[in-house]
There are 2 protein chains.
Amino acid sequence: MTLWSSLIEFAKATKKIGEDDPRRIVHSMKVGLALTLVSLLYYFRPLYDGFGQAGMWAILTVVVVFEFTVGGTLSKSFNRSCATMVAGALGIGAEYLANLCGERGEPVIVAILVFVLATMATFTRFYPSVKRKCDYGVLIFILTFTLVAVSGFRAEILRLAHQRLSTIIIGGITCMIISIFVYPVWAGQDLHDLVATNIEKLALYLESFAGEGFHSSVENNDNSRLQGYKSVLNSKATEEALANFAWWEPGHGSFRFNHPWKQYLKIGAHVSECACHVKALDGYAASSKIKPASETCKNFQKPCTTMSSESARALKDLASAIKTLKSPSSDIQIHIQSSKSAANEFESILKNMSLPQPDGQELMQLLVVASILIDITKCVEQISDSIHE
Amino acid sequence: MTLWSSLIEFAKATKKIGEDDPRRIVHSMKVGLALTLVSLLYYFRPLYDGFGQAGMWAILTVVVVFEFTVGGTLSKSFNRSCATMVAGALGIGAEYLANLCGERGEPVIVAILVFVLATMATFTRFYPSVKRKCDYGVLIFILTFTLVAVSGFRAEILRLAHQRLSTIIIGGITCMIISIFVYPVWAGQDLHDLVATNIEKLALYLESFAGEGFHSSVENNDNSRLQGYKSVLNSKATEEALANFAWWEPGHGSFRFNHPWKQYLKIGAHVSECACHVKALDGYAASSKIKPASETCKNFQKPCTTMSSESARALKDLASAIKTLKSPSSDIQIHIQSSKSAANEFESILKNMSLPQPDGQELMQLLVVASILIDITKCVEQISDSIHE
């Protein structure tokens, strides 16, 4: 019974993962296809006699190199081929050097060279720029150098290096072709969509906040949709990885090669700052002691609602401007302006406030909410500026 | 000249990376050592005739498996060995099945099996739990299964599987021994220190905030030390990775096997929430319009300063309680209580405020700062609770 129910659990989880992003199923099949093609190559040895045992390097390459996005696959293939070439050349050099030292000196020299190069290369992996662009390449460099330097002792070294390189290139090219031409998943497109969706999520929350007037939407059925801003807070790592991969991709769709992907990271940083403010706002809305009927609240409600709804509209327009890749319309400036003037209005109400106020705590919460909304307005302006760039 | 200056740049960057964490240099040398040992094994073939060409799997294992922390190395070694065993067995089964179908059916069956298993295994990598604990194992599973199933056609399959497994185990054991016994870097210890340091960073900021009375420390020389809270905001990913690795580690130092590492993630979540509030506080402090001499400010200064300094003291005590692995002292509760009573005091001042206030903007900022401080007080209590557990 427990086995049966956990099987059902598992099936449900599987269905959910597939439904969340159907490209995952396609990706899995693409990997299966690439692997089958390459292993058939290895299987029918007579046709490709040159590769022999080294054919397994093609399989290894496919397994390790095939990533979910085109950019990931290209970056890993490129890293792998380059590192293999450089390391192969150095390995042959090391073997040649070791050979000069006679049969007894050879293992000593090889051991020293392997130690020194592996130590140095491992250390370079701690450089942030290396880690970002070619961590995998360094790994392959160490591997290939060691293998070539060590095996030179008994195998015909040039043949080995040539074999490895050609099979790796066959594996890499198979991956690249399948990943580019069979239902490609572009990291750039994903990054683009992610940023636009994140902005939309914030707009959605602010819109509902304006509608409900200082009160949380906990009772609302749409809760999960409104809580979308929480995922915005944690999307920084994904954005960075996608931007790294997108850098490798050729032009596709409406993007040309060398699209300014870094700009998306800038926008993303502003968006996540805005999400931080929205989180604070949501925290206050959930524990709100503000009574919508009270005098204080009525005074301040209008500018707050305006700030919230105008910011939401500006964000929506910005998201659609990103989506259509068009220059943002002038409406956005209008929304930002009216949000700003609402902020000024708020401050003037505060100055001329008819005091004393009956409820200190309520006043405080109102002021905090308003000040967060003012911060959000500023953030929206920054997002708009960074999109204009 | 530019070459020379960029060389100097590079040397400086290298020095900084080494100084930031000298264990990086040691780690690089450990990798070099492991690799040299294993390649010597491969080099002196006569001694270990059983391994032959498969010796290169040992080199491959060392390069791929050796991670910075003990937990990382153990997790990868374990993943690799298990996956190789399971996949090897399945591969032999597949090959046996294919053999039954005669010479012409064999490649078809092998191709189908490879496609199906690779597709399914790739899909499992999207499950969050698989991704966390054994992403690498699945990769190796696909690789080994394909290699064994395909090469069965011409090599003596059992010998191949046995060779691969034994060389992988040799490589894995070399990594494990060196990583555990030569200047070990424990992921658990790192996680422990990270959480304690993060709490200390927050305490440091709050302490200086209390000292400077509502004004930013931008002019302060110690600026970089106070800005430490920013790194706290982004340490979630590191904490999760370390907790995953720590799970694999045997008892070490003052930690036994199965130390409640997950609890650290809980504490970390509260700490990062607290850092979010501190960030907001710092934002207000930087653009502060609060005049320390004004009447309004004088009224509110005392409770705010108390909240800030008492929270800082509580955090400091908590950090040192974590560091010494002792149960938190009762002082912490006292600090939290006095911080809470300062919050109450603030609210009563607000209620009995002599109105009207001369400067609306100043009042607003004061209230916002105080409300953030109240949030921080709550957060500190949560942190303390989660440490007690």
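The values are calculated or read from the model by the stated rules, or taken from the named source; none is laboratory data. What you see is a predicted model; the values in this text were computed from it and never measured. Ideal geometry is used to build each Cβ from the backbone, glycine not excepted, and the neighbour counts take in all protein chains shown. Calculation scope for accessible area: heavy atoms of the full protein, side chains included, ligands and nucleic acids excluded. Shrake-Rupley method; radii C 1.70, N 1.55, O 1.52, S 1.80 Å.
Sorted from shortest, what are the nm distances separating the label point of A:Pro128 from equivalent points in the other copies, each placed 7 Å from Cα along Cα to C-beta?
List, nearest first: 2.9 nm.
How big a patch of accessible area, both sides summed and in Å² to the nearest 100, lies buried between B and A at a 1.4 Å probe?
Adding both sides of the contact gives about 6500 Å².
Rounded to the nearest 0.05, what FRET efficiency do B:Val26 and B:Gln301 give with R0 = 51 Å and r taken as the Cβ-Cβ distance? Could you check?
After rounding, the FRET efficiency stands at 0.55.
Straight-line reach from B:Lys131: which lysines have a Cα under 21 Å away, not including same-chain ones fewer than 8 places off?
The qualifying lysines are A:Lys12, A:Lys15, A:Lys16, A:Lys30, A:Lys76, A:Lys131, A:Lys236, B:Lys76, B:Lys236, B:Lys262, B:Lys266.
Between A:Asp193 and B:Lys133, what is the FRET efficiency for a Förster distance of 25 Å, r being their Cβ-Cβ separation, to the nearest 0.05? Show your work: numbers first, answer last.
Working: r = 29 Å, r/R0 = 1.17.
Approximately 0.30, to the nearest 0.05.
When the dipole is taken about the Cα centre of the range A:94-201, and only Lys, Arg (+1) and Asp, Glu (-1) are charged at their Cβ, what size is it in debye, to the nearest 20?
Charge dipole of the range A:94-201: 140 debye, to the nearest 20.
Which three semi-axes in whole Å describe the equivalent ellipsoid of the range A:56-158, each the square root of 5 times a Cα gyration tensor eigenvalue, listed largest first?
Taking √(5λ) for each Cα gyration eigenvalue gives 28, 16, 9 Å.
State, to one decimal in nm and shortest first, how far the label point of A:Glu19 sits from each corresponding label point in the other identical copies (label point: 7 angstrom along Cα-to-Cβ).
Once sorted, the set of distances for A:Glu19 reads 5.6 nm.
Ranking request for peptides B:76-85, A:277-286: highest mean number of other beta-carbon atoms within 10 Å first, then the rest in descending order.
On the way: B:76-85: 21.5, A:277-286: 19.6.
Output ranking for B:76-85, A:277-286: B:76-85, A:277-286.
What's the ranking of A:304-310, A:239-245, B:250-256, B:231-237 by average number of surrounding C-beta atoms within 10 Å, highest first?
Ranked from most to least packed, the peptides come out as A:304-310, A:239-245, B:231-237, B:250-256.
Considering only protein heavy atoms, what is the solvent-accessible area of B:Trp186 at a probe of 1.4 Å, reported in Å² to the nearest 10?
The value for B:Trp186 is about 40 Å².
Under a plain spin-label model, where a point goes 7 Å from the Cα along Cα-to-Cβ, how far apart in nm are B:Ile349 and A:Val108?
Modelled inter-label distance: 7.8 nm.
Place +1 on the Cβ of every Lys and Arg and -1 on the Cβ of every Asp and Glu in the range B:65-139, take the dipole about the Cα centre, and give the residue among B:Leu90, B:Thr122, B:Cys134 whose Cα lies farthest towards its positive end.
B:Cys134
Output, in nm with one decimal and in ascending order, the distances from the B:Ile112 label point to the matching label points of the other copies (7 Å from Cα along Cα-to-Cβ).
Label-point separations across copies, in nm and ascending: 5.9.
What's the average, rounded to a whole number, of partner chain beta-carbon atoms within 10 Å of each residue's beta-carbon in B:121-128? List each step's numbers first, then the result.
On the way: counts 4, 12, 10, 3, 5, 10, 4, 2.
Mean shielding by partner chains, rounded to a whole number: 6.
Given labels modelled 7 Å from the Cα in the Cβ direction, how far is it in nm from A:Ala286 to B:Ser5?
So the two model labels end up 5.2 nm from each other.
Could you report the accessible area of A:Arg23 in Å², rounded to 10, computed with a 1.4 Å probe on the protein chains as they sit in the structure?
Accessible surface of A:Arg23 is approximately 90 Å².
Please enumerate, by chain and number, the lysines with C-alpha under 28 Å from the C-alpha of A:Lys302, excluding those fewer than 8 residues away in the same chain.
Within reach: A:Lys201, A:Lys230, A:Lys279, A:Lys289, A:Lys291, A:Lys316, A:Lys340, A:Lys351, A:Lys378, B:Lys289, B:Lys351.
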